[in-house]
Amino acid sequence: MNRKSFIQSLLSLFSGFAFLSKIYAADNKSTIYLLTTYVAGYQYYDGETIEKQFKKSAQLKLCLEESNAYDKNAVELYYNDVKIGYIPRMDNEIIANLLRKNKEIYAEIKEFYPHNPEWNRLEINVWMRE
């Protein structure tokens, strides 16, 4: 069983997010950890031009790209309004569905590895606020 089908099974089993282990209080809202992943397509967008600005824990904006002809669940990632890539396809279905339900989803820079290849240079954590 891969990670995606495992998460889908858990979602259907618990019909909620009780399985998510990290819950934090922030501004009278709960913050729920969803996943850690790398930015997909980093080498095709503007991340390299602004990567000197990246700071650990800096917040990234997520936007559903419904017009994407290759992936109906494409989720774009922005750093200070600059597109830096996508949530990887293997991780994006649940995130896209949460965005469609107007859930407050965001990402934070976990780690930046300047000497890694572009496809695993920027590691992020994805969160949901309730």
Determine, yes or no, whether R129 is surrounded by fewer than 21 Cβ atoms within 10 Å (Cβ to Cβ), modelled with pLDDT of 95 or more, charged (D, E, K, R) and farther than 14 Å from E51 by Cβ.
no
Residues of region 16-42 classified as among the aliphatic types (A, V, I, L, M), in a strand (DSSP E or B) and modelled with pLDDT of 90 or more, total
4
Among the residues of region 77-89, is there at least one that is surrounded by 14 or more Cβ atoms within 10 Å (Cβ to Cβ), assigned to a strand (DSSP E or B) and on the phi > 0 side of the Ramachandran plot?
yes
Name, by its number, the condition in (1) at pLDDT 95 or above; (2) part of a loop (DSSP other than H, G, I, E, B); (3) basic (K, R) that does not hold for K55.
(1)
Selection from region 30-45 of residues surrounded by fewer than 17 Cβ atoms within 10 Å (Cβ to Cβ) and without any contact (Cβ under 8 Å) to a residue 60 or more places away in the chain yields Y44
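The values are calculated or read from the model by the stated rules, or taken from the named source; none is laboratory data. None of the values given here were measured: they were computed from a predicted structure. Every residue, glycine among them, receives a Cβ derived from its backbone with ideal geometry; neighbour counts consider all protein chains shown.
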